[in-house]
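The structure under discussion appears below in the form of structure tokens.
Where a number appears in this text, it was derived from the coordinates with a stated rule and is not lab data. Keep in mind the model is a prediction, meaning the values are calculated, not measured. All Cβ positions, even for glycine, are placed from backbone atoms using ideal geometry, and neighbour counts span all protein chains on display.
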Amino acid sequence: MSSKSHLPYATRAANHPNPLTAKLFSIAEEKKTNVTVSADVTTSAELLDLADKLGPYIAVLKTHIDILSDLTPQTLSTLQSLAQKHNFLIFEDRKFIDIGNTVQKQYHGGALRISEWAHIINCAILPGEGIVEALAQTTQDADFANPQERGLLILAEMTSKGSLATGTYTERSVEYARKYKGFVMGFVSTKALSDTLPESKEEGEDFVVFTTGVNLSDKGDKLGQQYQTPESAVGRGADFIIAGRGIYRAPDMVMAAKRYREEGWRAYEERVRGN
Ligand code: 5BU
């Protein structure tokens, strides 16, 4: 039995109890896109230019904000304005991985003030359940401005060669997602995971699946990255495909974003039709 969702984004948006996940599905439906661009550029000017040019074609913009060489508060406020202008969500791929007390400080406050501008964050569960609990708890702080607009993806699998995020690790990811489902939106994984641990699955469960390592022309890179096409990723259960170099390194990044959007959308429509 396949565990990937065959429901349209609109239906998932209408039925989803988590407001941010519902908003994400609504954006996908409205803009007819399941593309997340991984904006791994290293200057604020490049990031903001990319966000403005690709904004109309994406559902989510994924950042690694610590790779910017010239980050200022202005960069973040302009990025937030562009997210509003083009109606996309911001996902900071910070991959928190530490004890609860530390990740709370890395997420909320600190140099990067991630909780103020990133709708979505992610974490690895190597430290155990406490990391998920700590991040979820942060959103309940009295000074936390907008808990309804914040969510977490658990990094349940990785695309790099020899990844150790497999087996029991992936199962625990699903277990913690279920336990903290008010804050956990779903997973970064290479396939749908909702049939993992079937005995603890609840009726109507609907976790969102983000899949990285999507590229139309390459098979991988020299540092162990392994790619698949939008069609293959969506076929395996990706609700959102994440592409970086395939888009921002293309000779014309707008054309590339449109192409990934078309391919990703076609694959989604086929999946909904039951193919
Ligand atoms: P690429 O240029 O499409 O290879 O970029 C992939 C992006 O996704 C990059 O930002 C990585 O940090 C990120 N990534 C990944 O490639 N594989 C994973 O398993 C996870 C994140 Br999780």
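Laid out as a table, the results:
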quantity: Spatial separation of Cα centroids for the range 223-255 and the range 95-110, in angstrom; calculated: 29
quantity: Per DSSP, loop GluC sites (Glu not before Pro) in the range 163-259 with at most 12 further Cβ within 10 Å; calculated: 202, 203
quantity: Förster radius 30 Å - calculated FRET efficiency between residue 203 and residue 66 (Cβ-Cβ, nearest 0.05); calculated: 0.15
quantity: Gained length - residue 32 relative to residue 223, 0.36 nm times residue gap less alpha-carbon distance; calculated: 65.5 nm
quantity: Segment residue 148-residue 81, extension gain: residue separation times 0.36 nm, minus the distance between their alpha carbons; calculated: 22.2 nm
quantity: Spacing of the two label points (7 Å from each Cα toward its C-beta) at residue 42 and residue 74, in nm; calculated: 2.2
quantity: About the Cα centre, charge dipole magnitude for the range 37-195 (Lys/Arg +1, Asp/Glu -1 at Cβ), debye; calculated: 280
quantity: Residue with peak Gaussian network fluctuation, the chain [Cα springs, cutoff 10 Å], from 194, 38, 160; calculated: 160
quantity: Ratio Rg/Rh, restricted to the range 145-275 and using Cα atoms, in which Rh is the Kirkwood radius; calculated: 0.99
quantity: Ascending count of other beta-carbon atoms within 10 Å, so fewest first, for 253, 158; calculated: 253, 158
quantity: Gain on full stretching of the segment that runs from residue 254 to residue 160 - 0.36 nm per residue minus C-alpha separation; calculated: 31.2 nm
quantity: Expected 222 nm ellipticity per residue - DSSP helices of 4 or more, -39500 (n - 2.57), all of the chain, to 500; calculated: -12000 deg cm²/dmol
quantity: For the chain: rounded, prolate or oblate by the Cα gyration tensor [a/c cutoff 1.5]; calculated: rounded
